[in-house]
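The values are calculated or read from the model by the stated rules, or taken from the named source; none is laboratory data. Every value quoted in this text rests on a predicted model; they were computed, and no experiment measured them. Every residue, glycine among them, receives a Cβ derived from its backbone with ideal geometry; neighbour counts consider all protein chains shown. The protein model used for the area step is the full one, side chains on, heavy atoms only, and it has no ligands, DNA or RNA in it. Shrake-Rupley method; radii C 1.70, N 1.55, O 1.52, S 1.80 Å.
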Amino acid sequence: MAFEEDGKSYVESFCTAIQNPDRMVRQRALKNFEQNYIRNVETTEEVSRIFDDIYLHILRCYSDRFESVRILAVTALDTLLAKLPTNDYYLEYVIPVLQKRIGQAETIEESEELRLQLLEQLEALVIKYRDPDGSRGDPLLKVFDNVVDVLIKTLRDPYPAAQKKSCDIVAALAEATPSLRYRAEALVAPAKSILVHRHSANRIAAIETLGILSLHILSNGDLVSEIIMAISPLLMDDVPFVRRACGRVGCLLMQKLRDRYSFFHRLLPLVLNCLSDETVEVREDINKRWKEAGELYYRENETELSKVALIEKLPSGYPDDRYTRPTLPCRAIVQRSLRVVNLVLHEMEEWKENIRLHATKLLKQIVLHAERSLSTMFLDINPVLTKACMDTEIAIVSEALSVCELMGILLDYETWSEHVLSEFRKFPTIGQLRCMCKLYASSVYEEGKRKNVRQFAALLLDPNVCHNHMDPVYQRELLNFCTILATIGQDRELLSAALEEITVSESKEGEQQSLERTLYTVVLKVVAFCSGMEEKVEIHELGLSVLRQLDGNVDRLHRHHLASVLNKIEHLESENSNANTSILLLCGIVSECGFQELYFDTMKQTIGKALSHATPEGKVKLFSAISLAMLSWSANNQQPKDVQFSLLKTFTDDLIAPHLIWTVGRSAESVRAMSTACFASMAQGVNNDVYMSLLPSYINVLSGLIDDNCIATRAYTLKALIHLEALDFESLKLVAFPIMSRLDDPSGEVRELAAICLGRLRLDVTTIATLSDRQALEARWQDILQQILSVMFLHLEHPEIKLRSAIFGSLKRLYIDNRDLIKRLSEEVSLGCSYRKDLDTIVTGKAESE
């Protein structure tokens, strides 16, 4: 009784103190009450009595103008509520006050810390009065609207800790009362607003809260879909734990959501995206939960799935070294929810790179789970997948190719092969090419691949494919596919023999040709377009390696198939410029393959057709290719001299010589220069005996070109004469003086070439029958040579070192056949002359020591 009397007196004094105008008095009273009095009260009856006496006074302190008083009041009531029995009577007094302080539309409580403390008090009450199954009458139901009103406000609180605590209260409320379903929808919008919070912990809490709310939305399926769509973007969050939260919510809803089967197609992205997450912890955690969801689905559909489990086996060629095959029920969930594919395909065409990347990764997981059942949707997938295969982002292309590889292994070959063939004919893009190449290469259906190899090879003959010379990436992919097609015959003894057994039908001409010829045609065109281009050296080498794969002797391939390729080059009758595809192709083939007897006539006719219609720029390009090809003449032609002469004579007469004749105009000058370059190349690449048999026929025209206005023409002409052998007198007379005159040419290169050519001048008298005629010609040649030597002596005083060196070398060469003349002329040179010492060296035979 004494304690009760003391307690009553203390409570009365406490109530008086906390109504005192002095803040310090109120603070001391509240602090003393919480620390020294209420904690010592043992019985619930006494605590209940005290609450009845003081609750109005303490709750009034919740609106005290001093924050310190409000904080102490909340703390005191927390201690008191912890000792009260679980009677909903107390809730009706406390919760409305909380709702007034932090649940109004406007912010009443300005202190962030105090708002958080009030939320902690609310959380404690929710936990204290929890009744999950309603067996105790659901004590929270009476104040449920107040609690929800508070949460609607505080879920949007600018204080991050208050936001997070509000999410925790929603989770606690879901476990504390079965009534959450009545107003769960009202909390969705506030919770969704936290998804974009800058703190990852808040985003995680919001995701978990929305997952919980979804479980309590019973009739509004559209709202559940909105929640899932709101969470989905966070699968691309930078923080792994946020992505893991998305996956966890997906697995949770797949196991506990009402009517979850109808939402599988929307929930699958949340789960499957995490299975390909870059963080190991995320993948392992979600994979474990995904299997649990699959086990639940198996129990619910055991009758059907148990039968499938008895007969299923690992698909042939399954890449189990890189991928773990999903469990049967997990695969079954995806296979019954293929509607998700349409959602994924839509995301794969988004403008944001990260969305496209995650969607492509998701498609890979769907392929892994759906396996053969996805074959029916290949027609929808292929157009989008081919776009991904040519995306500007390398990571997206890599993932798309991984998808193609899996589809080639797991999908029905007949379904995708027919569609790919027809689509590539319509749209031969690099995306289609990459996709087709990867599908075909990864397919394990060898019989079907052999059956269709001719159809795939025929696709590559399309000019839109093999004539795409502007895109080096496309050319590389084309060569890679040719390599794969050629590899079809690798399991036999000889690749070329195997290829010859398979024929390819060309629809245009109805002609049958070997697969080797088809692949040779495609690869040669790529190599030809890359010929002479430094930026495409790697592609050029790759093309040559593919040709060597077809046949170790590439020249033999040329002999067998090049004539066919040349005959099928189109549009040569048009007025083609140097940028025209047909001209580029022909020039590349000429410079790459050179000239061989077996296809010489065909190449000559093809070049002739092109030259007769090409623009001057096109002709320059063709002559440039011819000059390059002439450099390898001796390597490609080992026939007798008369055969080589016959080939060269007809080729030169018909194609080169007509363009050596002078015509007015800059364009004609360029064509003339490049046709002269062909002679210069012959001088280097053709056997000298063959070349000297050919040269006299054109000495007349070449002598005129030595004095051409174009420096390049003069230089090429002198290069054509640089390996000159003995000529008859008339021919020598034609070229001797023009060459000598070039010692004063404005071009240093031309002067040097002229000096070298002078040393090659030699009279051929073997055809002269009588001795007197022979001597007469020699005398006449000596007169001409004397004039030439005098000029050469004068130019030994030239300041240009290279020119003097070239003249000195030519004098030594001329001295062999003209000793007396050179000795006599050198003696006439004064002893003080700068070049007298050099002449004496030649005459006395001391050139080597000098």
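What to note about this one:
- Among residues of the range 79-105 that are of a type in the set (Val, Ile, Thr) and crowded, with 17+ Cβ neighbours inside 10 Å, those with a Cβ under 6 angstrom from a residue that is assigned to a loop (DSSP other than H, G, I, E, B) and modelled with pLDDT of 85 or more, sequence gap 6+ or separate chain, pair up as Val97/Tyr62; Ile102/Glu109.
- Exactly one residue out of Ala400, Ala457, Ala441 is at pLDDT 95 or above and touching a Ser or Thr at 6+ places or on another chain (Cβ under 9 Å): that is Ala400.
- Those helices (runs of 4 or more DSSP H) lying entirely in the range 77-176 with at least 2 residues in contact with a Pro (Cβ under 8 Å, 6 or more places away or on another chain): 88-102, 144-154, 160-176
- Set side by side, the residues Ser214, Ser179 differ, and just one is touching a residue at least 24 places away in the same chain (Cβ under 8 Å) and surrounded by 23 or more Cβ atoms within 10 Å (Cβ to Cβ), which is Ser214.
- Residue in the range 218-227 that is in contact with a Lys or Arg (Cβ under 7 Å, 6 or more places away or on another chain) and open to solvent by less than 30 Å² (accessible area, probe 1.4 Å) present: yes
- Flag for Ser703 being without any contact (Cβ under 8 Å) to a residue 60 or more places away in the chain and more than 56 Å from the chain's Cα centre (by Cα): yes
- Boolean, Ser306 is surrounded by fewer than 19 Cβ atoms within 10 Å (Cβ to Cβ), touching a helix residue (DSSP H, G or I) at 6+ places or on another chain (Cβ under 9 Å), polar (S, T, N, Q) and farther than 23 Å from Leu343 by Cβ: yes
- Of the candidates Ala162, Ala186, Ala191, the single residue that is within 27 Å of Ala245 (Cα to Cα) and touching a Cys at 6+ places or on another chain (Cβ under 9 Å) is Ala191.
- If you filter the range 672-689 down to residues that are touching an Asp or Glu at 6+ places or on another chain (Cβ under 9 Å) and crowded, with 21+ Cβ neighbours inside 10 Å, you find that the one that is nearest to Phe729 (Cα to Cα) is Thr676.
- No other residue among Ser337, Ser373, Ser417, Ser402 is open to solvent by 40 Å² or more (accessible area, probe 1.4 Å) and polar (S, T, N, Q) apart from Ser373.
- For Phe793, the criteria (1) part of a helix (DSSP H, G or I); (2) at pLDDT 85 or above; (3) touching a helix residue (DSSP H, G or I) at 6+ places or on another chain (Cβ under 9 Å) hold in every case but one, which is (2).
- Of all residues making up the range 654-677, the number that are assigned to a helix (DSSP H, G or I) and in contact (Cβ under 8 Å) with a residue 24 or more places away in the chain: 16
- Given (1) at pLDDT 85 or above; (2) under 23 Å from Glu730 (Cβ atoms), number of the condition Leu803 does not satisfy: (2)
- Among residues of the range 724-743 that are on the phi > 0 side of the Ramachandran plot and in a helix (DSSP H, G or I), none has a beta-carbon under 8 Å from a residue that is surrounded by 17 or more Cβ atoms within 10 Å (Cβ to Cβ) and among the charged types (D, E, K, R) at least six positions away or on a different chain.
- Close pairs from the range 574-597: first under 27 Å from Val643 (Cβ atoms), partner among the acidic types (Asp, Glu) and open to solvent by 50 Å² or more (accessible area, probe 1.4 Å), Cβ under 8 Å, at least 6 apart: Gln596/Asp555
- Any chance Asp764 is at pLDDT below 85 and of a type in the set (D, E, K, R): yes
- Per-region count, the range 797-837, residues outside any loop (DSSP other than H, G, I, E, B), open to solvent by 50 Å² or more (accessible area, probe 1.4 Å) and not hydroxyl-bearing (Ser, Thr, Tyr): 12
- For the range 522-536, the criterion of being surrounded by fewer than 20 Cβ atoms within 10 Å (Cβ to Cβ), at pLDDT 80 or above and part of a helix (DSSP H, G or I) is met by at least one residue.
- Condition met for Arg289 (surrounded by fewer than 22 Cβ atoms within 10 Å (Cβ to Cβ) and under 20 Å from Ala370 (Cα atoms)): yes
- Matching residues, the range 576-618, being open to solvent by 40 Å² or more (accessible area, probe 1.4 Å) and touching a Leu at 6+ places or on another chain (Cβ under 6 Å): Lys609
- Ala388 under 19 Å from Tyr474 (Cα atoms), crowded, with 19+ Cβ neighbours inside 10 Å and in contact (Cβ under 8 Å) with a residue 24 or more places away in the chain: yes
- Ile108 among the hydrophobic types (A, V, I, L, M, F, W, C), modelled with pLDDT under 90 and open to solvent by 30 Å² or more (accessible area, probe 1.4 Å): yes
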